Amino acid sequence: MSTSRIVVTGIGASSPIGATAPDSWEALLDGASGTRTLEHEWVEQYQLPVTFAAQAKVRPDTVLERPVAKRLDPASQFAMVAAMEAWEDAGRPEVPSERLGIDFATGIGGVWTLLDAWDTLREKGPRRVMPMTVPMLMPNAAAGNLSLHFGARAFARTVASACASSTESIVNAVEHLRAGLADVVIAGGTESAIHPITIASFASMQALSRRNDDPATASRPCSVDRDGFVMGEGAGVLILETEEHARARGAKIYAAVVGGGVTADSYHITANDPEGVGAARAVRMALEMADASPDDVTHINAHATSTPVGDPNEYTALKAIFGDRIDEIPVSATKASTGHLLGGTGALEAIFTVLALRDRVAPPTINITTQDPAVPFRISGEPVALDQGDQLAISNSFGFGGHNAVAAFATV
């Protein structure tokens, strides 16, 4: 196993608050909200109890060439748009195909393709079902299509661990690079699941906010009056490579990915462990890989979904690692602005964490009316300046199934 440091040389994103990574970052710092009322006839048709979501700022099929978009589910479309941006941002690395890998993720995959095909089957019969249905709906479609587009032959791997998926894909990419399996990896995650069935299902389990009259403020992590998360969509992509490879080709470097931890709660299929044991262990693993201590952490991008139970449980987990110091570390809960991108959320928040280190600023957390005393993070509705010295930040992701994934990033 190589001890080479792994660095971020390119970023790309399509999010509810921006068409690109820079646009999303600027909107985040400005305190924007990507949550809006859904203007689809199916909202009224199915009498959905939740009538809003954080849809992407720009539809991916308006960015991609039409023949490309037609053969991709929206989830893969988002992945392609973000990956193309990240690749350009990284300067189009010249790397042999056998040394370029894909570590990608999704929580749900091609739900739109699957359910549209089911409607076609019921209404028009089997002969009208598209032959590309299975290649479009399969969870590994994004990874496979990215491999085809960029000529990546080292590997094209897929993680599907719910809302921890894309953070886990980043951790996997670090391990694969350190193992010498590739020189460059395209890592990240995607999701396009704002669909009647997912909204109805999440609403049925009382997981979604129901602020239909004020959607822009519906996602309010750590606020005493939070009432659930907001569905989001989009993708985030990071180009990762060994530092030697990046410096040899003169690439710009945003930050280093210095650690990662992946664990399982084995507690409940939808609820996280109230003691936060698995989450705390993932943080500890990330710090150990980074050869760092809790005292070195200067910023945290919290998972903080705005659910009544999830936010305090995350605080409990972090308190176990950081002790009373957790109340001093600047924390950002960026889902307040973007909503929850499910399998794509970890990659988008990793990008925000990388840019926080670059610009020495913790982004604001909007919509907090009164901070819950059970979640006393140092969290602010305004950007918070970070010190100019060496910085170490972690980004947390937790998912249904008891999945925990944490990535640690450092300034270079």
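Being touching a helix residue (DSSP H, G or I) at 6+ places or on another chain (Cβ under 7 Å), among the β-branched types (V, I, T), closer than 28 Å to F202 by Cα and surrounded by 21 or more Cβ atoms within 10 Å (Cβ to Cβ) is the requirement here; does T9 meet it?
Working: touching a helix residue (DSSP H, G or I) at 6+ places or on another chain (Cβ under 7 Å): yes; among the β-branched types (V, I, T): yes; closer than 28 Å to F202 by Cα: no; surrounded by 21 or more Cβ atoms within 10 Å (Cβ to Cβ): yes.
Spelling it out, it is not the case that T9 is touching a helix residue (DSSP H, G or I) at 6+ places or on another chain (Cβ under 7 Å), among the β-branched types (V, I, T), closer than 28 Å to F202 by Cα and surrounded by 21 or more Cβ atoms within 10 Å (Cβ to Cβ).
Among the residues of region 103-133, write down those that are of a type in the set (V, I, T) and under 20 Å from T198 (Cα atoms). Walk me through it before giving the result.
Quick first cut of region 103-133, residues of a type in the set (V, I, T) only: 106, 108, 111, 113, 120, 129, 133.
Passing the criteria: T106, I108, V111, T113, T120, T133.
Just checking, does region 18-34 include any residue being in contact with a Pro (Cβ under 7 Å, 6 or more places away or on another chain), more than 26 Å from G381 (Cα to Cα) and surrounded by fewer than 18 Cβ atoms within 10 Å (Cβ to Cβ)? Steps first, please.
Start the filter on region 18-34 by keeping residues that are in contact with a Pro (Cβ under 7 Å, 6 or more places away or on another chain), which leaves 28-29, 31, 34.
This time we only want the ones that are more than 26 Å from G381 (Cα to Cα), so: none.
Checked region 18-34: no residue is in contact with a Pro (Cβ under 7 Å, 6 or more places away or on another chain), more than 26 Å from G381 (Cα to Cα) and surrounded by fewer than 18 Cβ atoms within 10 Å (Cβ to Cβ).
Kindly check whether there is at least one residue in region 282-291 that is closer than 25 Å to G10 by Cα and either more than 22 Å from the chain's Cα centre (by Cα) or free of Cβ contacts under 8 Å to residues at least 24 places away in the same chain (or both). For region 282-291, residues closer than 25 Å to G10 by Cα and either more than 22 Å from the chain's Cα centre (by Cα) or free of Cβ contacts under 8 Å to residues at least 24 places away in the same chain (or both): present.
Residues that are within 24 Å of the chain's Cα centre (by Cα) and surrounded by fewer than 24 Cβ atoms within 10 Å (Cβ to Cβ) within region 235-253 comprise T242, E243, K252, I253, listed in sequence order. From the list A143, A117, pick out the single residue that is of a type outside the set (D, E, K, R) and either crowded, with 24+ Cβ neighbours inside 10 Å or under 24 Å from A286 (Cβ atoms) (or both). On inspection, the qualifying residue turns out to be A143.
Do we find that S33 is in contact with a strand residue (DSSP E or B) (Cβ under 9 Å, 6 or more places away or on another chain), closer than 28 Å to S204 by Cβ and either modelled with pLDDT of 95 or more or outside any helix (DSSP H, G or I) (or both) in this structure? Criteria met by S33. Only a single item in (1) touching a residue at least 12 places away in the same chain (Cβ under 8 Å); (2) within 17 Å of R210 (Cα to Cα) is not met by E39, and it is number (1). Look at A69 and say whether it is more than 22 Å from R358 (Cα to Cα) and without any contact (Cβ under 8 Å) to a residue 12 or more places away in the chain. Judged against the criteria, A69 is a match. When the test is whether a residue is under 20 Å from the mean Cα position of the chain (by Cα) and in contact (Cβ under 8 Å) with a residue 24 or more places away in the chain, G188 passes it.
For A75, state whether it is within 27 Å of I197 (Cα to Cα), surrounded by 24 or more Cβ atoms within 10 Å (Cβ to Cβ), touching a residue at least 12 places away in the same chain (Cβ under 8 Å) and of a type in the set (G, A, S). If you could, list the steps in order and put the result at the bottom.
On the way: within 27 Å of I197 (Cα to Cα): yes; surrounded by 24 or more Cβ atoms within 10 Å (Cβ to Cβ): yes; touching a residue at least 12 places away in the same chain (Cβ under 8 Å): yes; of a type in the set (G, A, S): yes.
For A75, the condition - within 27 Å of I197 (Cα to Cα), surrounded by 24 or more Cβ atoms within 10 Å (Cβ to Cβ), touching a residue at least 12 places away in the same chain (Cβ under 8 Å) and of a type in the set (G, A, S) - is met.
Considering (1) under 17 Å from E191 (Cα atoms); (2) outside any helix (DSSP H, G or I); (3) touching a Leu at 6+ places or on another chain (Cβ under 9 Å), the lone condition that S24 does not fulfil carries the number (2).
Under 29 Å from G250 (Cβ atoms) and touching a residue at least 40 places away in the same chain (Cβ under 8 Å): which single residue out of V81, V58 fits that description?
Just one listed residue meets the conditions, V81.
Yes or no: R66 surrounded by fewer than 17 Cβ atoms within 10 Å (Cβ to Cβ), more than 30 Å from A251 (Cα to Cα), touching a Phe, Trp or Tyr at 6+ places or on another chain (Cβ under 8 Å) and basic (K, R)? When the stated conditions are applied, R66 does not pass them. Quick check: is even one residue across region 152-160 part of a helix (DSSP H, G or I) and either surrounded by 15 or more Cβ atoms within 10 Å (Cβ to Cβ) or out of contact with any His (no Cβ under 8 Å at 6 or more places or on another chain) (or both)? No.
The values are calculated or read from the model by the stated rules, or taken from the named source; none is laboratory data. In this text the structure is predicted, and so the values were computed from the model without any measurement. Virtual Cβ from ideal backbone geometry, glycine too; neighbours counted across all protein chains shown.
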